[in-house]
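Below is one structure, written out as structure tokens; comments come after it.
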Amino acid sequence: MMSKPKRSSTRPVKGVMLARPPSSVPCMSPETWEHMRDCEAREWIARYRAKTGEVGFVPAQSWWEEVKSDIAKKRGDDALRDLINRMNKERANVKSGTK
């Protein structure tokens with residue numbers, strides 16, 4: 001029985017945007033980009049939780065460190081810090097029940 005090839009967890013998912021707008025889309029408002037960055041943070045939280053459920057806590061942490069390294073290489077350290085800050089804010093909002 002052949003197993004199904006696994007999808008890379010680091011590939012962008014449709015709807016997940018980069019930390020900065022591409023030059024081909026200059027007409028989006030800053031509020032739209034903020035919303036998209038917040039959505040990306042929620043997406044990565046969901047991916048991390050799913051990975052933890054699939055492989056366990058320690059392997060998921062290792063996977064996340066690789067993902068963060070890839071993001072820093074592609075987008076820069078400032079974008080990675082922004083993503084992590086947004087993820088932390090999303091988690092805090094969920095815990096406090098504000099969202």
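FYI, it's all coordinate maths here, none of it is from the lab. No experiment lies behind these values; they were computed from the predicted model shown. FYI the Cβ positions are ideal-geometry reconstructions off the backbone, even for glycines, and counts take in every protein chain you see.
For the stretch 82-99, a residue qualifies if it is out of contact with any helix residue (DSSP H, G or I) (no Cβ under 7 Å at 6 or more places or on another chain) and either part of a loop (DSSP other than H, G, I, E, B) or farther than 16 Å from Ile45 by Cβ (or both), and the qualifying residues are Gly97, Thr98. Cβ-Cβ distances below 8 Å connect no pair with a first residue in the stretch 32-55 that is closer than 16 Å to Val94 by Cβ and touching a residue at least 60 places away in the same chain (Cβ under 8 Å), a second residue that is charged (D, E, K, R) and in a helix (DSSP H, G or I), and a separation of six or more residues or different chains.
So, in the stretch 71-91, how many residues would count as being more than 15 Å from Tyr48 (Cα to Cα), under 12 Å from the mean Cα position of the chain (by Cα) and of a type outside the set (Gly, Ala, Ser)? Counting residues in the stretch 71-91 that are more than 15 Å from Tyr48 (Cα to Cα), under 12 Å from the mean Cα position of the chain (by Cα) and of a type outside the set (Gly, Ala, Ser) gives 4. For the stretch 49-91, filtered to residues that are of a type in the set (D, E, K, R) and in contact with a Lys or Arg (Cβ under 9 Å, 6 or more places away or on another chain), the residue that is farthest from Asp38 (Cα to Cα) is Arg75.
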